[in-house]
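The values are calculated or read from the model by the stated rules, or taken from the named source; none is laboratory data. Please read these numbers as outputs of a predicted model, since none were measured by experiment. In this analysis, Cβ positions are derived from the backbone assuming ideal geometry, glycine residues included, and neighbour counts consider all displayed protein chains. Surface areas here come from the heavy atoms of the whole protein model, side chains and all, with no ligands, DNA or RNA. Shrake-Rupley method; radii C 1.70, N 1.55, O 1.52, S 1.80 Å.
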2 protein chains.
Amino acid sequence: MNIGEVAKRVGLPAKTIRYYEDINLVRPFRDPNGYRVFTEKDLHKLTFLSRARALGFTIEKCRALLALWEDQTRASSDVKKIARAHLEEIDRKVSDLQSMRKTLSDLMRDCAGDDRADCPILSGLGEPR
Amino acid sequence: MNIGEVAKRVGLPAKTIRYYEDINLVRPFRDPNGYRVFTEKDLHKLTFLSRARALGFTIEKCRALLALWEDQTRASSDVKKIARAHLEEIDRKVSDLQSMRKTLSDLMRDCAGDDRADCPILSGLGEPR
DNA sequence: ATGGAGGTTCCACCAACTGGAAGGTCAAGC
DNA sequence: GCTTGACCTTCCAGTTGGTGGAACCTCCAT
């Protein structure tokens, strides 16, 4: 299967798939004409990557997960460990964002938002904590 | 004031402050010896930047906010508009993360996490939606 | 044989820094 | 007056995860 068809099926841009080959996440076969030829297994791998990336796993985490995925002798605890660490990272990000949100909305609450220059948002940002 | 002292006071690495000069966010004066010399106003600006960045505003948004900050004739509504857009962006990010979180924890719930190879996380990621 | 839709490589760019090398400056101590 | 070490300078390269574009090749239908 050529790259365009693969791109359509897994929902990744062809450029991204080429990039994934560049960094050795997939190794499609090459046709004598130079075109990449993808097998079902490659498709499966790319689907895996696409889903894992959508969950926010970094490329390196994806690489580790992919290695486990291909290793029939892995222990599910190894996978769960990575997943758990990632879950904790997500939670950290959420709480970071929520604390930003609170600070920002506190600043906004006091801002009239009219045509006067006085603005607690700007003055709040300018002052050291 | 030299860059090291400024860095300590505003809590930004010296490298970052040099970078901010590079992209014209601050324009410290230069001593005849080539050293950057920062005024109180520069300090104030850098504090502003540090706080705004900590709230997740991009550099370009910071630049816009800084311009408003320096413009005594701005309307507070202009500031609030930027802040509101940013708040919405934060909310989008939070909900993206929460949906990732749900997907991941659903996958994890079914994974035994023991020494067996069977792992619903990996099989869940490999299958198209 | 020609046109257009695919494919290929390579190079440059994005954000927002960070690390490191190579070298200049300053102040203190001997 | 010289050395030492902390601090400063510039410049170049690398990070993450791609994306855009140019120049060129290949395939298929007409």
Self-check item: Top-ranked residue in the range A:18-37 [being open to solvent by less than 70 Å² (accessible area, probe 1.4 Å) and out of contact with any strand residue (DSSP E or B) (no Cβ under 8 Å at 6 or more places or on another chain); ranked as nearest to DNA strand C (Cβ to nearest atom)]
Solution: A:Gly34
Practice problem: Could you list, in sequence order, all residues of the range A:1-17 that are within 12 Å of DNA strand D (Cβ to nearest atom), away from chain B (no Cβ under 14 Å) and either in a loop (DSSP other than H, G, I, E, B) or open to solvent by 60 Å² or more (accessible area, probe 1.4 Å) (or both)? | Solution: A:Asn2, A:Pro13, A:Lys15
Exercise. Given the conditions (1) at the interface with chain A (Cβ under 7 Å from one of its Cβ atoms); (2) open to solvent by 60 Å² or more (accessible area, probe 1.4 Å); (3) at pLDDT 95 or above, report the number of the one that B:Arg53 does not fulfil.
Key: (1)
Practice problem: Mind counting the residues in the range A:85-106 that are more than 7 Å from chain B (Cβ to nearest Cβ) and among the aliphatic types (A, V, I, L, M)? | Solution: 1
Quiz item: When residues of the range B:56-79 are filtered for being open to solvent by 40 Å² or more (accessible area, probe 1.4 Å) and of a type in the set (Val, Ile, Thr), how many remain?
Solution: 2
Quiz item: Yes or no: A:Ile82 open to solvent by less than 70 Å² (accessible area, probe 1.4 Å), facing chain B (nearest Cβ under 7 Å) and out of contact with any Lys or Arg (no Cβ under 6 Å at 6 or more places or on another chain)?
Solution: no
Quiz prompt | Filter result (at the interface with chain B (Cβ under 7 Å from one of its Cβ atoms), open to solvent by 40 Å² or more (accessible area, probe 1.4 Å) and either farther than 25 Å from B:Asp42 by Cα or of a type in the set (Val, Ile, Thr) (or both)) within the range A:107-128 | solution = A:Ala112, A:Asp114, A:Asp115, A:Arg116
Quiz item: If you take the residues in the range A:56-78 that are within 15 Å of DNA strand D (Cβ to nearest atom) and free of Cβ contacts under 8 Å to residues at least 24 places away in the same chain, which one is nearest to the other protein chains (Cβ to nearest Cβ)?
Solution: A:Leu65
